[in-house]
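See structure below.
The values are calculated or read from the model by the stated rules, or taken from the named source; none is laboratory data. Just so it is clear, the model here is predicted, and its values are computed rather than measured. Virtual Cβ from ideal backbone geometry, glycine too; neighbours counted across all protein chains shown.
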Amino acid sequence: MPVMTPGAFAYPATSHAFKTGSWRTMRPVYSQRSAPCHNGCPAGENPCDYLARVAEGDLKGAWGLLVAINPLPSITGRVCDHPCENACNRGHFGAAIAIHNCERLLGDEAIRAGWDYALPPLPFNAPKVAVVGAGPAGLSCAYHLRRLHISATVIDRLPAAGGTLRMALPAYRLPRTVLDAEVERLLAADIPFLPNTALGRDLSLAELTQEYAAVFLGPGRHRARPWDVDGRTPSDLHSAFTLLQDWVAFGTVPKYRSAAIVGGGNSAIDMARVLARAGTQVHLITHDALPGPGVAREVAMKATPLDIHQAQEEGVLFHTEHGVHRLILRGEKVVGLELVRMKKVANANNRFDVIPFEGTETVLHVDQVIPAVGQEVDPEGMEALLGHKPFLLADEAGRVTGHADLFVGGDAREHAWGTMSGAVGDGRRAAAAIHAHLLGQPRDPAKSEFPTIGIDGLNLHYFEHAQRPQEPFLPPKDRLDNREIAGGLTIHQVTADANRCFSCGTCMACDNCWTLCPDQAILKTRELAADGSHYRIDYDYCKGCGLCAHECPVGYITMIAEPS
C-alpha cells in the first residue's frame, strides 16, 4: 500500500476534524486525454511519449517507445507526410514540433549505434502466419506478429524487401542505405523472408491458407490505372509509376523537350521532379488546388506540401484546378493538350464532383503526356477475392470480408490511407486482429481511447514561445543527382525542440496541483510516477474550487459534477 504524504499535518480537534468536502458541487478528477498528434498519426504513434524521453536525453528509451508502434522510423521520418504536425497544438502557439525530424534522428541513431529490437525468443509451438508483400504494411504486420509471439514469414515477388519504397521512391527522398539498414534489421529479428516468390505464379492462396494459421495480404497497388481522353491515347503512353520504376532501376528516363504530368499525388510530383532534373520542361496538371490555409483537404493536392514546394523551386509549372479536355495528336503522337478550368464542388452526398467551366479552354504544347492517376491491385493470385474490384474489401481491423483467416492492409485495402504511415498502422492493427483470431477471441481486444485535448484545454501561461529549428535542404541548383535533399536535425536541435512539447493531456508531474491546493487536499505517494498515478485527491477536504484544474498546464485535471 503506498504511503500518502499530505502537505502538512494537524492535531486532533483542529481543521482536519472538519471534512469540508461536503461543500463541493464540482469535483476535480485526474483524466488522461489524447494529444492531437497521437490521434493524427495513422501509424498510431504517441509522440508525446518519446518526445519526453528525448527531452530527458534518453534517446534509446525514446527509440524503444517509438518502435513499439512503428518499426521503421528512419524511413517514415523521411517520407511520411506527418499529419501529426498538422494537428500539433504547438502550431497554434508558434510552430508545430518537428516530430518527423525527431523520428528520423531516433531511427538514424539506432542504425548508427546498432540498437536492436530485443524481441523475446519465439516459443517452439508458435503459430505461423504468412505475410504476402514486403512493403511497409507487410513488414509492420510481420514485426508486430513477432512481438506477439507469432512466427511470420514474409513473401515477396521482388528480390529485396521494401515494396514501393524500393521500386519507385527516388533516392533523393529515401537513400537506399537507409532503406537497406532499416529493412535488414527488421528481418534479422527472426522474421523469415522468401524473395522472388510471387502469389499466383509460385504458390497459391489456397496453399498458404492450408499451411499457415492466417494470411496477411499487403501486395500494394502496382498496376497503373488505365487512362484516356474520350477513348484516345498516344501510341507511346507510359504511366508515371512505370517510368519511375524504370528510373529507380536503371537511372534513365525518356528524353522530352516538354511533358505534361496528369495527377496531383506523390507519384505525379516525383515523376515531374525526375523529368525536370533531366532537362525537360515539365507541366503538372491536376483537378486539385494547391494546399494551403483555407483550402479543404478534400480539394487539395494529395502530395506532401514540402514536395510540392520543392518541385516549384526546381522549375515544375503547376496548372492546378485544370483538366485535360482534349488530346491534340499528330498521327499517334502528342503535340499538345487542350486544358479546361475545373473545380471540385461538394454535392448532396458530401462527395465532390469535378465541374469543368466551358469557355476556359487553353492549349498547351507538349511532346508527351504522362498519366499519374493512381494504381490498382495486380489481381494475379487473388482473382477470386478481388472479383472486378480494384481493391480488397475489409473491416476496420483488416479482416477480408467473408474470410476469417485472411487479412489485408496498405494500399490494397479499400479506403487505404495512401501513405506509408497509414500502411504501417494497418500492419499493426491487422497483427492485433490476427492475434485475437488465433486466440479464438470473438472480437479484437477493447480499444483504450481518450478524448482529444485541444489548445483551449491547456494553460499556456506555463509555456514560453520558442522557435522551431529549421531543417537544412540542398539548394535547388545542387539537386542534380541522388543526394538526399533533406539534411535532418542535430541531436542538440531535436532535444531542444522536444522541450517545446506541451505534453498535451498527459501528466508531466509538475506538482502544481499538490503545491497550489488551498485545502492541501492533493496527496501524493512517496514513489514518483511520471504518468500522474502518484497523485491522489482527498475528497474529504477538497471543496471543488477548481484551482488545480485551472493551473494544470497540460489539461490532465478536469472538473465534473459531484455525484448526487
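Which one is farthest from R112 (Cα to Cα) among residues in the stretch 511-535 that are surrounded by fewer than 16 Cβ atoms within 10 Å (Cβ to Cβ) and modelled with pLDDT of 90 or more? The residue in question is P518. Restricting attention to the stretch 211-223, the residues that are touching a Leu at 6+ places or on another chain (Cβ under 8 Å), more than 23 Å from A168 (Cα to Cα) and part of a loop (DSSP other than H, G, I, E, B) add up to 1. In the stretch 262-291, how many are within 17 Å of P170 (Cα to Cα), touching a helix residue (DSSP H, G or I) at 6+ places or on another chain (Cβ under 7 Å) and aliphatic (A, V, I, L, M)? Result for the stretch 262-291: 5. Residues in the stretch 517-528 include none that are within 26 Å of D307 (Cα to Cα), polar (S, T, N, Q) and touching a Pro at 6+ places or on another chain (Cβ under 6 Å). Taken over the stretch 55-94, the criterion of being surrounded by fewer than 18 Cβ atoms within 10 Å (Cβ to Cβ) and not in a helix (DSSP H, G or I) is satisfied by E56, G57, D58, A68, F93, G94. Scanning the stretch 234-267 for residues that are touching a Phe, Trp or Tyr at 6+ places or on another chain (Cβ under 9 Å) and either modelled with pLDDT under 90 or assigned to a strand (DSSP E or B) (or both) turns up just one, V262. Filtering L169, L208, L174, L145 for residues that are within 20 Å of V424 (Cα to Cα) and part of a helix (DSSP H, G or I) leaves a single hit, L145. Can you confirm whether E109 is part of a helix (DSSP H, G or I), crowded, with 20+ Cβ neighbours inside 10 Å and among the acidic types (D, E)? Considered against the rule, which asks whether it is part of a helix (DSSP H, G or I), crowded, with 20+ Cβ neighbours inside 10 Å and among the acidic types (D, E), E109 comes out as no. Just name the residue that is farthest from G374 (Cα to Cα) out of those in the stretch 414-429 that are in contact with a Leu (Cβ under 8 Å, 6 or more places away or on another chain) and surrounded by 20 or more Cβ atoms within 10 Å (Cβ to Cβ). Ranking the qualifying residues of the stretch 414-429, first place goes to G427. Among the residues of the stretch 391-413, those identified as in contact (Cβ under 8 Å) with a residue 24 or more places away in the chain, surrounded by 16 or more Cβ atoms within 10 Å (Cβ to Cβ) and not in a strand (DSSP E or B) are F391, A397, G398, D405, G409, G410, D411, A412. Which members of the stretch 81-113 meet the condition of being more than 22 Å from S503 (Cβ to Cβ) and modelled with pLDDT under 95? Listed by number, the list holds a single entry, D81. When the residues of the stretch 231-246 are filtered to those that are within 30 Å of the chain's Cα centre (by Cα) and without any contact (Cβ under 8 Å) to a residue 60 or more places away in the chain, the one that is surrounded by the fewest Cβ atoms within 10 Å (Cβ to Cβ) is D246. Among the residues examined, R173 qualifies as of a type in the set (D, E, K, R) and surrounded by 17 or more Cβ atoms within 10 Å (Cβ to Cβ).
Looking at V354, V373 in this structure, which one is within 17 Å of V229 (Cβ to Cβ), of a type in the set (A, V, I, L, M, F, W, C) and modelled with pLDDT of 90 or more? When all the criteria are applied, what remains is V373.
For P226, the conditions (1) touching a His at 6+ places or on another chain (Cβ under 9 Å); (2) under 23 Å from L393 (Cβ atoms); (3) in a loop (DSSP other than H, G, I, E, B) are fulfilled apart from (1).
Report whether or not V295 is over 18 Å from A260 (Cα atoms), β-branched (V, I, T) and without any contact (Cβ under 8 Å) to a residue 40 or more places away in the chain. In short, yes. Scanning the stretch 83-113 for residues that are free of Cβ contacts under 8 Å to residues at least 24 places away in the same chain and over 21 Å from E56 (Cα atoms) yields one hit, G91. Filter the stretch 114-129 for residues that are surrounded by fewer than 24 Cβ atoms within 10 Å (Cβ to Cβ) and either among the β-branched types (V, I, T) or within 25 Å of the chain's Cα centre (by Cα) (or both); which is nearest to L439 (Cα to Cα)? Within the stretch 114-129, the match that is nearest to L439 (Cα to Cα) is L119.
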